[in-house]
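Report on the following structure.
The values are calculated or read from the model by the stated rules, or taken from the named source; none is laboratory data. Only a predicted model underlies this, so the values are computations on that prediction, with no experimental measurement involved. Ideal geometry is used to build each Cβ from the backbone, glycine not excepted, and the neighbour counts take in all protein chains shown. What goes into the accessible areas is simple: the full protein's heavy atoms, side chains included, and nothing from ligands, DNA or RNA. Shrake-Rupley method; radii C 1.70, N 1.55, O 1.52, S 1.80 Å.
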Amino acid sequence: MIICVAVNSFSQNKQVLYNFAELPQTLLLNPGSETNYKFHIGFPLLSGLSTKLGISNFVISDLFLDDNRSINDKVSEVLKNVSTKDYIESNIQIEVLNAGFKLNNKNYFSFGFYEELNGIIYAPKDLITLYTEGNSAYLNKSFSLSQISYKVDVLGVLHFGLTRKVSNKLTYGGRFKIYSSALNIESFNNSGTFTTVNGSNTIYTQYLDNINIESRTSGLYKDDEFVESFKSYLDNTFFGSNLGVGFDIGFTYHLSDQIEFTGSIIDLGFINHKKEVSTLSMKVDYVFEGFTFEYDPLNPSDYGCLLYTSDAA
């Protein structure tokens, strides 16, 4: 059954560190990892530095293979194969402090503080097609704006964990976290379509139907002004205006000397965004036919433009 069934999943953002019991940072991925050391101290800003950039349904070799095709053809093929389930994901984590010590033969206490940036944007297939190929080849096609979906978080995390060794077979643990959000930008559950048809007064008529796009931010604006200072964001990562709590749980169990079973749930919690919050929204129905340039060929200096639109809602 295992041979015939395959499941593809991603469970942590630093896969290479998971279950490395010799590395104390593995406690951040599983607070129930075994601790075979008396204490640990991480070197500030260096011991926990990690980055990640992932793009689904695409690899660099798709563009740079030596297959006698032009780069333009390769880019076009990649864009055509993009679907709304594809996404670009990034993660940057900087460990400011990470330390721990053994309380007794059973319990290990750990604590620390790290700053993290997480971002994900799903591919808006219709908008990519509209931008790269234009609308003249897609008359009467409705391009969906509901595919706009993204989220960016910048936060600081103060954490305290306890790992308990019950026996030589079982170790479990938990970690309590205090989140401090410096920046949050997100947009999802949008709706609306953009459609181009043959026009009557001009060549084409464009319809924006039931447009409802909303972007929610926290920490990006203060007193109705855009926050440009990097120091302001950095200060808010430690007990800033928007706080939250969360926790991790995990365990390690030895089925035998050769077989080990581990598992964890991390960052189960929430952040209450209540200060420096703003919402940018656009709700509109609009018909635009474009401009018509009119002039008298006998008197070229006498010319004008006519704009054809309908009332915007």
Of the residues 210, 184, which is in contact with a Lys or Arg (Cβ under 8 Å, 6 or more places away or on another chain) and closer than 30 Å to residue 280 by Cβ? 184
Please go through the range 64-93 and give me each residue that is open to solvent by 60 Å² or more (accessible area, probe 1.4 Å) and closer than 30 Å to residue 41 by Cβ, ordered by number. 92
Report yes if some residue within the range 256-265 is under 19 Å from residue 97 (Cα atoms) and under 21 Å from the mean Cα position of the chain (by Cα); otherwise report no. no
I'd like the full set of residues that are open to solvent by 60 Å² or more (accessible area, probe 1.4 Å) and either among the basic types (Lys, Arg) or in contact with a Phe, Trp or Tyr (Cβ under 8 Å, 6 or more places away or on another chain) (or both), limited to the range 210-244. 222, 231, 238, 243
Number of positions in the range 153-170 that are under 18 Å from residue 214 (Cβ atoms) and at pLDDT 95 or above: 0
On the given criteria, is residue 2 at pLDDT 85 or above, of a type in the set (Val, Ile, Thr) and either in contact with a His (Cβ under 9 Å, 6 or more places away or on another chain) or open to solvent by 100 Å² or more (accessible area, probe 1.4 Å) (or both)? no
Residues of the range 245-255 classified as open to solvent by 40 Å² or more (accessible area, probe 1.4 Å) and among the hydroxyl-bearing types (Ser, Thr, Tyr), total: 1
Residue 78: more than 24 Å from residue 246 (Cβ to Cβ), among the aliphatic types (A, V, I, L, M) and more than 15 Å from the chain's Cα centre (by Cα), yes or no? yes
Could you tell me whether residue 177 is charged (D, E, K, R) and within 30 Å of the chain's Cα centre (by Cα)? yes
Complete set of residues in the range 261-303 that are of a type in the set (D, E, K, R), under 30 Å from residue 200 (Cα atoms) and at pLDDT 75 or above: 283, 285, 289
Among (1) of a type outside the set (Phe, Trp, Tyr); (2) modelled with pLDDT under 75; (3) more than 27 Å from residue 164 (Cα to Cα); (4) open to solvent by less than 90 Å² (accessible area, probe 1.4 Å), where does residue 46 come up short? (4)
Quick one: which residue in 34, 22 is in contact with a Ser or Thr (Cβ under 9 Å, 6 or more places away or on another chain) and assigned to a loop (DSSP other than H, G, I, E, B)? 34
Of 131, 114, 108, 87, which residue is in contact (Cβ under 8 Å) with a residue 24 or more places away in the chain and farther than 26 Å from residue 21 by Cα? 87
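Table: residues versus (1) under 30 Å from residue 217 (Cα atoms); (2) surrounded by 17 or more Cβ atoms within 10 Å (Cβ to Cβ); (3) hydrophobic (A, V, I, L, M, F, W, C).
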site: 167; (1), (2), (3): no, no, no
site: 171; (1), (2), (3): no, yes, no
site: 175; (1), (2), (3): yes, yes, no
site: 179; (1), (2), (3): yes, yes, no
site: 182; (1), (2), (3): yes, yes, yes
site: 189; (1), (2), (3): yes, no, no
site: 198; (1), (2), (3): no, no, no
site: 202; (1), (2), (3): no, no, no
site: 205; (1), (2), (3): no, yes, no
